[in-house]
Amino acid sequence: MPLTSHQMEEAAALLPGLLAQEQELQFLRFTNDDALTLGTRLVSLAKERTPYKGITVAITRNGQLLFHHAMQGTTVDNENWIRRKTNTTVRLQHSSYYIGRLLATKDQTEMEQSYKVPMADYACHGGAFPLIIKDVGCVGAIVASGLKQDEDHALVVQAIREMIADQSKSK
């Protein structure tokens, strides 16, 4: 079903803010222990915000799974969403929400046409955010699955923002 011009305009309006998040939310370092801290923070935030929803969280760096947690109520479908969103973010080095909104500005809802990748392996729905190391670039993904795409995205962004603020204080 084609998107309306209003939906395409709404998507376009989000793009600058989503790119600004990627510019802002860059780590100076990211260790395995940092992954544990961030992953635990994500799970805690999810439980506070949506205590009755099942959410899966994963953090990867350079292809290695550093953190994974599936809350009560999740299914193997969440695992598949995590995998597909991670693939999108790592390949295109943008949040999966940004890619989805970018495609929406072109009246597209799937990645096959623009990126020539199978939808079985890629998803342009919010929830994966690039793990960016300042002056290095995207080295992985921080992902949530289980909420609406904008909520998955916002949850991950909040956790990253809080973690970076904490790291700045402890310098």
- Message: Tell me whether region 100-112 contains one or more residues that are open to solvent by less than 20 Å² (accessible area, probe 1.4 Å), over 20 Å from residue 1 (Cα atoms) and of a type outside the set (A, V, I, L, M).
- Response: no
Being in a loop (DSSP other than H, G, I, E, B), of a type in the set (A, V, I, L, M) and either open to solvent by less than 30 Å² (accessible area, probe 1.4 Å) or closer than 21 Å to residue 14 by Cβ (or both) narrows 144, 123 down to just 123
Of those in region 68-93 that are surrounded by fewer than 18 Cβ atoms within 10 Å (Cβ to Cβ) and closer than 16 Å to residue 137 by Cβ, the residue nearest to the chain's Cα centre (by Cα) is 93
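Table: residues versus (1) at pLDDT 95 or above; (2) crowded, with 20+ Cβ neighbours inside 10 Å; (3) not β-branched (Val, Ile, Thr).
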{"site": "114", "(1), (2), (3)": "no, no, yes"}
{"site": "130", "(1), (2), (3)": "yes, yes, yes"}
{"site": "150", "(1), (2), (3)": "yes, no, yes"}
{"site": "155", "(1), (2), (3)": "yes, yes, yes"}
{"site": "159", "(1), (2), (3)": "yes, yes, yes"}
Considering residues that are over 13 Å from residue 21 (Cβ atoms) and over 12 Å from the mean Cα position of the chain (by Cα), the number found within region 149-169 is 7
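The values are calculated or read from the model by the stated rules, or taken from the named source; none is laboratory data. Predicted, not measured: the structure shown is a model, and the values here were computed from it. Don't worry about glycine lacking a Cβ; one is built from the backbone with ideal geometry, like all the others, and counts go over all protein chains shown. These area figures cover heavy atoms from the full protein model, side chains too; ligands, DNA and RNA do not enter into them. Shrake-Rupley method; radii C 1.70, N 1.55, O 1.52, S 1.80 Å.
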